[in-house]
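> Pasting a structure here, questions to come.
The values are calculated or read from the model by the stated rules, or taken from the named source; none is laboratory data. Since we're looking at a predicted model, the values are computed, not measured. In this analysis, Cβ positions are derived from the backbone assuming ideal geometry, glycine residues included, and neighbour counts consider all displayed protein chains.
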Amino acid sequence: MSSSITILKRTFADAKPYWPSIGLIFVLNFLASPISLLKPLALKILIDNGFSGNAVPSYISFFFPEDFDFTFLAVVWISVLLVILVAIFENLYNLTIWIVNAQTGEKLVRSFRMRLFSHIQRLSLAYHDKKGSSDSIYKIQYDTSSIRTFIIGNLSPLLSSFITLVGMITIIFIINWRFAFIVCFLILPISFLIRYSSIRLKKDWKKVMESESNAMAVVHEVLGSLRVVKAFGQEEWESNRFMAKSDIAMKGQMSIAWTSAIFYFLIGMTFASVTAGFIYWGAIYVNQGQMTLGELTMVISYLAQVYAPIDKISKSLNGVQSSITSMERVYNLLDEKEEVKEAINPVAIVKAKGMLEFQRVIFAYNESENILENISFKIMPGDRVGIMGSTGAGKSSLINLITRFYDPVSGNILLDNLNIKDYKLDDYRNQFSLVLQEPVLFSTTISENIAYGRKNATEKEIIEAAKSANAHEFITRCSSGYETLVGERGMQLSGGERQRIALARAFIKDAPVLILDEPTSSLDIKTELQVIEAIERLMKGRTTFMITHRLDTLSNCNIIIHLEKGKLLEVIKDNHADALTKKKINFLSTT
């Protein structure tokens with residue numbers, strides 16, 4: 001319960017910008033109560049004042065002249081007009097609350113999704129490496145919508161139903177206090193059923209959402225690796241894997257269905273028993289003259305309407321528990337701490353000189369094993385650094401530390417003689433351009449992909465960057481030139497074309513430090529020569545780090561850093577020309 005209350009408090013705090021709209025929704029829901037209470041009034045007047053000939057109540061005669069003759073036909077017309085007026089109020093109310101609910105709900109979800117999406121982007125790569133992306137996607141797409149369901153779809157109607165219930169019990173108490181006690185007695189077993197079912201439903205919904213997220217992980221993984229799946233003919237195996245994950249979610253949904261069905265059955269039987277008691281005692285009271293037939297009809301009508309808010313409360317239980325479970329999952333993610341944190345008073349930087357230094361750096365992805373141990377070296381502005389070593393030596397980890405995707409366990413990394421942790425994080429990362437072995441493009445136009453390096457780039461600057469990357473010629477041959485859509489992950493283009501667009505993006509960013517991670521390893525000879533030529537232009541005047549097995553690229557390095565099993569074996573500089581050349585030849589011969 002305490003957990004649910006905490007989630008409720010946090011949800012209302014997050015919804016604070018929309019409190020005026022939410023308050024309007026609450027007011028509109030409260031108006032549903034008097035409208036509901038007016039519905040049986042026309043029937044009572046028709047029976048007691050039309051058929052029985054009793055005097056018309058003062059709250060009706062108030063609207064007519066003192067000498068007005070309330071004949072049978074007049075009372076009938078009054079009853080008909082009351083029905084029409086109540087219907088008009090009810091439908092205008094429904095229209096208004098529908099529009100306000102939709103507008104407020106969509107704004108709530110959009111705001112919540114943006115907050116979660118922004119937070120996920122700022123979490124360290126360690127979190128994403130551990131959790132994967134599919135669970136985050138599920139939470140952004142599905143769990144965030146629970147804030148709308150929780151506040152607008154469940155909480156507001158629940159309060160409205162509670163007020164309606166209290167109002168109806170009060171009126172029944174005024175008519176006959178014994179009946180009111182019967183209704184109050186009805187609430188006791190229902191409260192017990194709600195409490196018991198809430199515990200079961202919350203547990204089941206947690207299992208269902210985790211299972212659905214796992215099933216989505218299979219879909220995300222398969223669609224991202226569809227070429228491999230098709231190449232190995234594993235479509236059926238992947239379908240069975242998806243089915244196995246989905247079966248767990250289905251069993252959870254069936255458990256929820258059984259719990260809800262039994263709960264509704266018991267609620268219905270409890271209410272039927274109370275209704276039978278009303279009819280029995282009501283018939284006796286009317287026969288004994290203790291109440292009129294119209295009053296009995298009105299009480300039974302209200303009893304039927306008492307069932308409506310109780311039914312709404314009980315049926316909202318499933319949605320409330322689903323929403324609470326979703327909100328709990330979202331808040332657990334929002335509570336994840338950023339491992340790479342910005343300093344309290346960070347130092348701004350526009351453009352670095354490009355001097356980098358590692359001082360006794362130790363790094364590990366987890367506590368069990370160090371990936372890099374006691375790494376120390378210093379790189380001057382404009383140096384071209386080749387990073388060599390066998391697979392698993394720690395080359396990519398070194399790059400991840402340079403770009404501050406991770407922080408070291410101990411030791412310091414300096415940029416221009418200042419610890420990189422002291423810089424403003426966005427400013428620091430803006431000092432780097434990355435060109436990876438598998439270039440990352442977004443499913444938009446070629447122009448927008450190039451300008452991703454600098455969003456305010458002009459069309460002329462984009463074209464110049466493309467020319468520098470040897471990409472302009474093939475871009476102009478595309479169907480829509482620079483406005484050609486590249487498809488998801490750029491798959492409408494060849495590998496060489498994607499790589500040259502990635503180089504153009506690096507050109508336009510014009511960062512002082514360049515990182516190249518096997519940029520030519522998967523290219524044919526002709527394309528490789530074009531890329532190498534562009535890389536040579538890109539490296540001019542920049543501090544460059546490159547992981548490569550290509551002689552053409554490695555031969556341009558004036559420093560080689562040799563890593564093996566996370567340890568720095570040696571740093572060879574161009575003032576040891578013979579050793580540098582020998583190291584390059586030995587390395588190339590072994591790879």
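> Scan 148, 122 and give me the residue that is out of contact with any Phe, Trp or Tyr (no Cβ under 8 Å at 6 or more places or on another chain), buried (at least 22 other Cβ atoms within 10 Å of the Cβ) and not assigned by TED's automatic domain parsing to the domain that holds residue 426.
Answer to the check: 148.
> Still on this structure, I have one more. Tell me, yes or no, whether segment 460-472 has at least one residue that is of a type in the set (Gly, Ala, Ser), surrounded by fewer than 21 Cβ atoms within 10 Å (Cβ to Cβ) and farther than 14 Å from residue 500 by Cβ.
no
> Okay, next question. From the list 494, 443, exactly one residue is of a type in the set (Gly, Ala, Ser), under 27 Å from the mean Cα position of the chain (by Cα) and more than 29 Å from residue 348 (Cβ to Cβ). Which is it?
Of the residues listed, the single one that is of a type in the set (Gly, Ala, Ser), under 27 Å from the mean Cα position of the chain (by Cα) and more than 29 Å from residue 348 (Cβ to Cβ) is 443.
> Cβ-Cβ distance below 7 Å, separation of 6 or more or different chains: which pairs start in segment 115-128 with a residue that is within 24 Å of residue 16 (Cα to Cα) and assigned to a helix (DSSP H, G or I) and end on one that is at pLDDT 75 or above and among the hydroxyl-bearing types (Ser, Thr, Tyr)?
116/144; 120/136
> What is the residue count in segment 473-496 for residues that are at pLDDT below 85 and in a helix (DSSP H, G or I)?
Count: 5.
Listed here are the residues, each with its yes/no results for (1) under 27 Å from residue 90 (Cβ atoms); (2) modelled with pLDDT under 75; (3) among the basic types (Lys, Arg).
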| position | (1), (2), (3) |
| --- | --- |
| 10 | no, no, yes |
| 20 | yes, no, no |
| 26 | yes, no, no |
| 35 | yes, yes, no |
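> From the list 502, 466, 457, pick out the single residue that is touching a His at 6+ places or on another chain (Cβ under 8 Å) and not acidic (Asp, Glu).
466 is the lone residue from the list that is touching a His at 6+ places or on another chain (Cβ under 8 Å) and not acidic (Asp, Glu).
> Kindly indicate the residue of segment 263-290 that is free of Cβ contacts under 8 Å to residues at least 12 places away in the same chain and within 40 Å of the chain's Cα centre (by Cα) and also farthest from residue 196 (Cα to Cα) among those meeting that condition.
Residue satisfying both the conditions and the ranking: 268.
> Check off (1) closer than 20 Å to residue 559 by Cα; (2) surrounded by 15 or more Cβ atoms within 10 Å (Cβ to Cβ); (3) not basic (Lys, Arg) for residue 425 and give me the number that stays unchecked.
Tallying (1) closer than 20 Å to residue 559 by Cα; (2) surrounded by 15 or more Cβ atoms within 10 Å (Cβ to Cβ); (3) not basic (Lys, Arg), residue 425 fails exactly one: (1).
> With surrounded by 12 or more Cβ atoms within 10 Å (Cβ to Cβ) and at pLDDT below 75 as the only criterion, which of 262, 187 stands out?
Of the residues listed, the single one that is surrounded by 12 or more Cβ atoms within 10 Å (Cβ to Cβ) and at pLDDT below 75 is 187.
> Yes or no: segment 353-367 includes at least one residue that is within 33 Å of the chain's Cα centre (by Cα) and not in a loop (DSSP other than H, G, I, E, B).
Yes, segment 353-367 has at least one match.
> Given the criterion modelled with pLDDT of 80 or more and either touching a helix residue (DSSP H, G or I) at 6+ places or on another chain (Cβ under 7 Å) or crowded, with 17+ Cβ neighbours inside 10 Å (or both), identify the matching residue among 255, 301, 239.
Going through 255, 301, 239 in turn, just one is modelled with pLDDT of 80 or more and either touching a helix residue (DSSP H, G or I) at 6+ places or on another chain (Cβ under 7 Å) or crowded, with 17+ Cβ neighbours inside 10 Å (or both): 255.
> Mind checking which residues of segment 448-472 are basic (Lys, Arg) and outside any loop (DSSP other than H, G, I, E, B)?
Across segment 448-472, the qualifying residues are 460, 467.
> Still on this structure, please answer the following. Quick one: is residue 106 surrounded by fewer than 16 Cβ atoms within 10 Å (Cβ to Cβ) and more than 30 Å from residue 219 (Cα to Cα)?
It is false that residue 106 is surrounded by fewer than 16 Cβ atoms within 10 Å (Cβ to Cβ) and more than 30 Å from residue 219 (Cα to Cα).
> Can you tell me which residue in segment 318-340 is farthest from residue 563 (Cα to Cα), limited to those that are touching a helix residue (DSSP H, G or I) at 6+ places or on another chain (Cβ under 8 Å) and assigned to a loop (DSSP other than H, G, I, E, B)?
Restricting to residues being touching a helix residue (DSSP H, G or I) at 6+ places or on another chain (Cβ under 8 Å) and assigned to a loop (DSSP other than H, G, I, E, B), the top hit is 336.
> Pick from segment 527-565 the residues that are among the charged types (D, E, K, R) and modelled with pLDDT of 75 or more: which of them is nearest to residue 505 (Cα to Cα)?
537
> Scanning segment 88-103 for residues that are of a type in the set (S, T, N, Q) and in contact (Cβ under 8 Å) with a residue 12 or more places away in the chain, which turns out surrounded by the most Cβ atoms within 10 Å (Cβ to Cβ)?
So the residue we want is 101.
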